[in-house]
Amino acid sequence: MTQKTLHYDELGVTPSDVYAQIGYRDAVPDQATQTEVQALVDDMRRWLRPQFCYLTVPQLPAFNMGPIILRQLGDSEAYSLFIATAGCEYDDFMARLKDDGDMVRLFIADALGSVVAERCADCMEVSLQQSIDKLGWHHTNRFSPGYCGWHVSEQQLLFPLFQGHTCGVTLNDSSLMLPIKSVSGIIGIGKKVRKQEYTCGLCNMKQCYKRIKPIAPICT
């Protein structure tokens with residue numbers, strides 16, 4: 001099991017990442033929005049502590065992931081299961097914004113939290129690759145319950161494999177993660193596997209986060 005707590009600055013989040021998440025994509029928002037984004041970033045930088053953890057298993061767990069994911073994992077020699085989260089502090093912050101009724105800040109903070117969780121998962125991939133470099137291994141894309149035909153209810157099979165070491169992330173009765181800005185899933189590792197373009201053409205999930213162009217983190 002590998003677990004790490006990060007500082008916000010290690011994630012490499014830029015204002016453009018947040019602008020894209022709230023719908024601006026390649027456009028630049030008005031000055032008021034830019035100022036609000038920066039103010040939230042300055043606030044979160046002081047207390048936000050995202051975390052990730054991952055463990056490696058030699059055999060594919062008995063998940064019902066569907067053909068898209070199974071095809072991508074086909075040449076794997078082992079499998080890494082992971083959890084990455086923006087953290088409980090983030091959820092507490094969102095609750096305070098909701099109580100204050102500041103819907104603009106709440107909307108922007110929600111977008112920022114999504115970016116943080118994904119960048120934290122990116123840092124997990126960097127750490128994973130460093131750990132398998134000595135074997136001459138590579139890793140696949142990461143795949144999560146709820147995407148690519150893998151039903152979200154299978155979180156209930158994934159989480160027990162961590163034996164309680166889940167970076168503080170829990171599941172509710174609907175198999176959704178708490179803190180809400182968290183990512184979990186599986187990555188294939190081995191000599192013959194490669195990270196490829198996500199097969200979005202085979203998936204009808206229009207709001208999938210992988211349809212947003214990824215940006216590399218700066219974590220090492």
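The values are calculated or read from the model by the stated rules, or taken from the named source; none is laboratory data. Worth saying up front: this structure is predicted, and the values here are computed from it rather than measured. For neighbour counting, all protein chains shown are included, and Cβ atoms are generated from backbone atoms with ideal geometry for every residue, glycine included. To get the accessible areas, we keep the full protein, side chains included, count just its heavy atoms, and leave off ligands, DNA and RNA. Shrake-Rupley method; radii C 1.70, N 1.55, O 1.52, S 1.80 Å.
Here is how the numbers come out for the structure above:
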| read-out | value |
| --- | --- |
| Which numbered condition Gly188 misses (of (1) open to solvent by less than 10 Å² (accessible area, probe 1.4 Å); (2) farther than 18 Å from Val57 by Cβ) | (2) |
| Options Val18, Val37, Val57, Val41: the member that is under 21 Å from Ser184 (Cβ atoms) and either touching a residue at least 24 places away in the same chain (Cβ under 8 Å) or not hydrophobic (A, V, I, L, M, F, W, C) (or both) | Val57 |
| Yes/no for Lys195 being assigned to a helix (DSSP H, G or I), among the basic types (Lys, Arg), at negative phi and open to solvent by 40 Å² or more (accessible area, probe 1.4 Å) | no |
| Boolean, Val115 is in contact with a helix residue (DSSP H, G or I) (Cβ under 9 Å, 6 or more places away or on another chain), crowded, with 22+ Cβ neighbours inside 10 Å and farther than 16 Å from Gly188 by Cβ | yes |
| Residue that is farthest from Gly190 (Cα to Cα) [pool: residues in region 128-140 that are assigned to a helix (DSSP H, G or I) and open to solvent by less than 30 Å² (accessible area, probe 1.4 Å)] | Leu128 |
| For Gln196: the one exception among (1) modelled with pLDDT of 95 or more; (2) within 20 Å of Leu60 (Cβ to Cβ) | (1) |
